[in-house]
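Visitor: Structure below; questions to follow.
The values are calculated or read from the model by the stated rules, or taken from the named source; none is laboratory data. Just so we're clear, the structure is a prediction, and the values are computed from it rather than from any experiment. Every residue, glycine among them, receives a Cβ derived from its backbone with ideal geometry; neighbour counts consider all protein chains shown. All accessible areas refer to the heavy atoms of the entire protein, side chains included, with ligands and DNA or RNA removed. Shrake-Rupley method; radii C 1.70, N 1.55, O 1.52, S 1.80 Å.
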Amino acid sequence: IGMRSFYSCTSLTNITIQNGVRSIQASAFSGCESLTSVTIPNSVTRIDWRAFHGCKSLISMTIPNSVISIGGEAFSSCTSLTSIIIPNSVTNIDVNAFEWCKSLTSITIPNSVTSIGVGAFYCCDSLISVTLPNSITSIENQTFFGCESLTNFTLPNSIKKIGEQAFFDCTSLTSIIIPNGVTSIGAGAFSGCTSLKSIIIPKSVLTVGYNAFPMTTIINE
């Protein structure tokens with residue numbers, strides 16, 4: 001399905017993509033504000049940049065086991081999206097893939113995913129629970145920026161880097177364990193996490209950026 005094929009078809013409510021389609025290209029369904037249902041066949045391997053951007057009525061999405069990559073801003077501003085299933089075939093979630101998905105409450109990232117881009121869950125302010133696999137080695141800049149409902153979060157032992165503003169303004173986050181092996185914590189990584197009262201930094205950490213933690217947090221090493 002080519003670039004901008006159904007761009008801003010604002011009355012389109014549902015679509016079934018026939019088997020044999022290999023990719024959903026950039027902005028293919030961007031701005032389809034009334035779209036509530038999409039069926040994607042197992043032949044699709046790529047969901048490209050902004051493919052479903054701004055589909056404000058889309059409530060849920062099942063990504064088939066054939067998909068390898070979720071492109072940048074693919075589901076950004078899908079403000080009614082409450083659930084999405086990411087299969088074990090996906091290896092990459094690109095930048096801002098789910099930004100402003102304000103109704104998304106939980107997500108599980110499978111072990112196949114090795115890369116989550118900058119701002120992937122930016123301002124998903126209903127997101128309560130996230131499960132990350134041990135295949136992830138870094139939390140990039142602004143990955144969970146503004147996820148103010150986030151309470152249940154465990155960093156996998158594979159993490160080596162926590163980027164700038166990675167958890168900025170996660171105001172419901174009360175505790176987090178930074179695993180041994182993390183070497184850097186970026187500027188503002190936990191700034192604005194006003195419910196975070198104490199944190200233990202392992203000896204593996206070599207650098208801590210400016211304003212990485214809120215002023216009220218007790219830091220232990």
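Visitor: Taking amide H positions as placed 1.01 Å from N in the peptide plane, with prolines and chain starts having none, which residues 5 or more places from R46, or on another chain, fall under 5 Å of its amide H?
Guide: Result for R46 returns I24, I68.
Visitor: Just T79, T39, T171 to compare: in a GNM of the chain, with alpha carbon springs under 10 Å, which one fluctuates most?
Guide: Comparing T79, T39, T171 in a Gaussian network model of the chain, the most mobile one is T39.
Visitor: V205 to Y7: extension gain in nm, 0.36 nm per residue of separation minus the Cα-Cα distance?
Guide: Fully extending the segment from V205 to Y7 adds 66.6 nm.
Visitor: Here's another thing I want to ask about it. Return one whole number: the accessible area per residue of the chain in Å², for a 1.4 Å probe.
Guide: 43
Visitor: Note down the relative contact order for the chain as a percent, whole number, built from C-alpha pairs under 8 angstrom at least six residues apart.
Guide: Rounded, it is 10 percent for the chain.
Visitor: I need the peptides 59-72, 5-18, 114-127 ranked by packing, meaning the mean over residues of other C-beta atoms within 10 angstrom, with the highest value on top.
Guide: Result, highest mean Cβ count within 10 Å first: 114-127, 59-72, 5-18.
Visitor: When all protein chains stay in place, what accessible area (Å², nearest 10, 1.4 Å probe) is found for E164?
Guide: In the full protein context, E164 sits at about 100 Å².
Visitor: What is the gain in length, in nm to one decimal, between M215 and N152 on full extension, counting 0.36 nm per residue of separation less the C-alpha to C-alpha distance?
Guide: Here the answer is 20.5 nm.
Visitor: I'd like the Karplus ³J(HN,Hα) series for segment 148-165: coefficients 6.51, -1.76, 1.60, θ = phi - 60°, whole numbers in Hz, and an x wherever there's a Gly or Pro.
Guide: 6, 9, 5, 10, 9, 8, 10, 7, x, 5, 7, 5, 10, 9, 10, x, 5, 6
Visitor: Binning at 10 angstrom from zero up to the longest distance, how are the C-alpha pair distances of segment 4-145 distributed in percent?
Guide: Reading upward from the zero bin: 14, 47, 33, 6, 0.
Visitor: Something else: Can you give the local net charge around N211? Use residues other than it whose beta-carbon is closer than 14 angstrom to its beta-carbon, Lys and Arg +1, Asp and Glu -1.
Guide: The answer is -2.
Visitor: When the gyration tensor of segment 98-191 is built from Cα positions, what are the square roots of 5 times its three eigenvalues, in whole Å, from largest to smallest?
Guide: Equivalent ellipsoid of segment 98-191: 18, 15, 12 Å, largest first.
Visitor: Can you compute 3J(HN,Hα) from phi for each residue in segment 194-208, using the Karplus curve 6.51 cos²θ - 1.76 cosθ + 1.60 with θ = phi - 60°, rounded to whole Hz and x for Gly and Pro?
Guide: 6, 8, 7, 9, 8, 7, 10, 9, x, 5, 6, 5, 9, 9, 10
Visitor: What part of the accessible area of the chain, given as a whole %, is carbon or sulfur when the probe is 1.4 angstrom?
Guide: The value for the chain is 50 percent carbon and sulfur by accessible area.
Visitor: While we're here: Quick one: 3J(HN,Hα) in Hz for segment 9-18, Karplus 6.51/-1.76/1.60 with θ = phi - 60°, rounded, Gly and Pro as x.
Guide: Values, residue by residue: 7, 6, 9, 5, 9, 8, 8, 10, 8, 6 Hz.
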